[in-house]
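Here is the structure we will look at.
The values are calculated or read from the model by the stated rules, or taken from the named source; none is laboratory data. These numbers were taken from a predicted model, which means no experiment stands behind them. Note that we place each Cβ from the backbone using ideal geometry, even for glycine, and neighbour counts take in every protein chain shown.
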Amino acid sequence: MKPVLSAIANKSFENLFSHTISYVKIAPISEYCLKFDGCSKGNPGPSGAGAVIYKEDEEIWSNGFYVGDKETNNVAEYNGMIMGLSKAAELGIKDLLVMGDSQLVIKQMKGEYKVKSPNMIELHLKAKNISGIFNKIIYEHIYRKDNTRADELANLGLTFKVSTSNTELTQH
């Protein structure tokens, strides 16, 4: 037996676990969280976008809208994020956690992936410009199962083909 292991083996069970365990409360990344989503039936095809803002896990705003007749899912995802970022800025939120189930969009916003598609460059730049308004902004990828409300809003937006994008469907 190695010296360290034998020292532990020779201690009584009671002495081995007699230390006090302290707990540290982990502060949330941000008081506010934006979740966004986009959907496209056909990809490209009819598409919708949705976003929801939470304050300490309570929904304070949500919206969904029709993006277009022949858009990709990624374009719809960006539209959902831009809509949510714009509303967060309008609400005067300064620190924001942004969560989405599109790994591509999240990694592009974090600078981990380049934006190559010409139709996404403009959307990416718009999102980056809005992001500059915040004191602190963090982008985090989440799984689809953790993004059900934004997904619901994106699909709801898809069902309401409207002439003006960004027409609010729901607001709290």
Q: Would you check which residues across segment 144-166 are farther than 26 Å from Gln103 by Cα, in contact with a strand residue (DSSP E or B) (Cβ under 6 Å, 6 or more places away or on another chain) and either modelled with pLDDT of 90 or more or not aliphatic (A, V, I, L, M) (or both) and list them?
A: Phe160, Lys161
(Q) Let me spell it out: the conditions are (1) free of Cβ contacts under 8 Å to residues at least 40 places away in the same chain; (2) part of a strand (DSSP E or B); (3) under 17 Å from the mean Cα position of the chain (by Cα), and Lys128 meets all of them except one. Which number is the exception? (A) (2)
Q: Kindly provide the set of residues from segment 110-122 that are within 17 Å of Met83 (Cβ to Cβ) and either in contact with an Asp or Glu (Cβ under 9 Å, 6 or more places away or on another chain) or in a loop (DSSP other than H, G, I, E, B) (or both), ordered by number.
A: none
Q: For segment 51-74, name all the residues that are within 23 Å of Met109 (Cα to Cα), surrounded by fewer than 22 Cβ atoms within 10 Å (Cβ to Cβ) and hydrophobic (A, V, I, L, M, F, W, C).
A: Trp61
Q) How about segment 126-143: which of its residues are in contact with a strand residue (DSSP E or B) (Cβ under 9 Å, 6 or more places away or on another chain) and either at pLDDT below 95 or exposed (fewer than 12 other Cβ atoms within 10 Å of the Cβ) (or both)? A) Asn135, Lys136
